[in-house]
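Q: One structure, as structure tokens, below. Some questions next.
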Amino acid sequence: MQLKLPPDIPIWISRMPVVSNLIFRLFAFPQRVLHKTQGQSDSIIGNTARAYLYPLRKIRENQAPLALARMVPDSLTHPSVEPLRKCKAFAESFKGPSEIVWGDKDPIKRAFSGNRKLATVNPINMLQQHDSFAKYIK
């Protein structure tokens, strides 16, 4: 049986002082459970799973996953909202061809999709849905 985690679990855990450092940095979250959050749970096992853990094995060098989780906005006052607005404006004004493919079951996509307040900066609302992925086409 595959464990189904709430789509935004890394986001709210990342905002808990002390607890977030323990969970992300000492217990290698989310790397140790990546296989449980992916659409294909068997795609991150064995050597592939170890490859995700290896660069973050030293506690003095493993702050990136926690920092990344903290960068996901949870309100329009979040510091990441303004850079997202600038990126969205750039993407909308870019005249050349572009394409971004985003996994349909991506946890970040699900976090954005579940928050109506963030719709104004949501890069996902520009995507076309396909069977197993979303694609931004301009």
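FYI, it's all coordinate maths here, none of it is from the lab. Predicted model only: the values in this text are computed from it and were never measured. Methodologically, a virtual Cβ is constructed for each residue, glycine included, from the backbone with ideal geometry; neighbour enumeration extends over all protein chains shown.
Q: Between residue 71 and residue 41, what FRET efficiency follows from the Cβ-Cβ distance if R0 is 25 Å, with the result rounded to 0.05?
A: Once rounded, the FRET efficiency stands at 0.45.
Q: By per-residue mean of other Cβ atoms within 10 Å, what is the highest-first order of 65-72, 20-27, 83-90?
A: 65-72, 20-27, 83-90
Q: Grab the beta carbon distance between residue 98 and residue 51, set R0 = 41 Å, and tell me the FRET efficiency rounded to 0.05.
A: 0.90
Q: Can you give the net charge of the other residues whose Cβ lies under 12 Å from the Cβ of residue 23, counting K and R as +1 and D and E as -1?
A: +3
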